[in-house]
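One structure below.
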Amino acid sequence: MESLGVGFGTIIGVIVAIYLLSSIKILAEYERGVIFRLGRLLPAAKGPGVILVFAPVDRIVRVSLRQEALEVPPQDIITRDNVTLKVNAVIFLRVIEPNKAVVEVSNYVYQTSQFAQTTLRSVLGELELDELLAHRDKINLRLQSILDTHTSPWGVKVTNVEVKQVDLPESMLRAMAKQAEAEREKRSKIIHAEGEFSAAQRLVDAARLLATEPVSVQLRYLQTLTEIGVEKNTTVVFPVPVDVFSGIEKLLNNAVANGKPAAPVQAKTA
């Protein structure tokens, strides 16, 4: 009988030791344990480190506090100016209050994904294509604010939302390329016209300056001849001022008026 008593006590001790060992749980630094005792939620989550969970009285749900990236599938969107797009996004979220993340919602990741899809369609549907492409930062902040309002009661914080990719139809891409090409051509014509205007203005200023000193025209003429001679050309262009032909024409008119015949003079200008 004594041997049976010692053996039974040993068995009970081993069972108790095993139960206590199985009740020891180790939570990492980024984990928290939400404890349900007899079905009721304990006020504070446990962890990190070593905690005791006495099953079957206690039940533990592990919750990670690390930031998670959730990709929103591509959504078909019609903008305010009737352009069909495919837009996807990525959401960065993390759990702030583990108890709410377990009790208030069955699966906070799935719920956030569904809210993100509907919010993405509704928000981008109110914008025009140019606004969507030019004001990406403002759109991201608006999406983040709306999603964070929905997820706050669950103890989940949406830290950032980024519109990842905007897929345009081929016809729209060609139209945008033509628009960009026309804009570049417009700029080039404006720049060319401004250059022509500046050059004409400089020529007018130079003509006014040369008119103050008639000798400067002759000096400029000689300088031109010097530049032509430096290039060692076989053909020399000798410009004749138009005033010479005007003077000859006046002499001919005076001779005709006085009744004197004048020999015909032919002038060629190049």
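Each reported figure results from applying straightforward, stated rules to the coordinates on display, with no laboratory input. Keep in mind that what you see is a predicted model, and the values were worked out from it rather than measured. Ideal geometry is used to build each Cβ from the backbone, glycine not excepted, and the neighbour counts take in all protein chains shown.
Numbers below:
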| read-out | value |
| --- | --- |
| Amide N proximity, segment 169-207 versus residue 84 label position 7 Å along Cα-to-Cβ, cut-off under 16 Å | 169-174 |
| Alpha-carbon centroids, segment 97-148 and segment 167-193: separation in whole Å | 34 Å |
| DSSP H segments from the chain that extend 27 Å or more along their own axis, Cα-based, with Kyte-Doolittle mean of 1.0 or above | 2-23 |
| Cβ-Cβ FRET estimate between residue 168 and residue 62, R0 fixed at 41 Å, reported to 0.05 | 0.40 |
| Straight-distance crosslink candidates among aspartates and glutamates, where the alpha carbon sits under 20 Å from residue 189 and sequence neighbours closer than 8 are dropped | 181 |
| Cross-link reach list, aspartates and glutamates versus residue 138, counting only Cα pairs under 12 Å and skipping chain neighbours closer than eight places | 162 |
| Sequence-distant residues sharing a close amide H with residue 160 (under 5 Å, placed H) | 92 |
| Around residue 166: net Lys/Arg minus Asp/Glu count, Cβ-Cβ under 10 Å | +2 |
| Sequence ranges 206-215, 142-151, ranked by mean other-Cβ count within 10 angstrom, highest first | 142-151, 206-215 |
| Residue-count net charge about residue 46 - beta-carbon cut-off 9 Å; Lys, Arg +1, Asp, Glu -1 | +2 |
| At most 10 other Cβ within 10 Å, DSSP loop - trypsin sites (Lys or Arg not before Pro), segment 1-110 | 66 |
| Length added when fully stretched, residue 44-residue 103, from 0.36 nm per residue minus Cα-Cα | 20.0 nm |
| Extended-chain gain in nm, criterion 0.36 nm per residue less alpha-carbon gap, residue 213 and residue 256 | 12.0 nm |
| Estimated [θ] at 222 nm from DSSP helical runs (n ≥ 4, -39500 (n - 2.57)) normalised by residues in the chain, nearest 500 | -18000 deg cm²/dmol |
| Gyration tensor (alpha-carbon) shape descriptor, segment 68-172, a/c threshold 1.5 | prolate |
| Difference of contour (0.36 nm per residue) and Cα-Cα distance, residue 189 to residue 201 | 2.5 nm |
| Low-density loop positions, GluC sites (Glu not before Pro), segment 1-94 - DSSP coil, at most 14 other Cβ in 10 Å | 29 |
| Of (i) 44.1, 161; (ii) 18.1, 57; (iii) 45.6, 171, the label for Rg and Dmax of the Cα atoms in Å derived from the coordinates | (iii) |
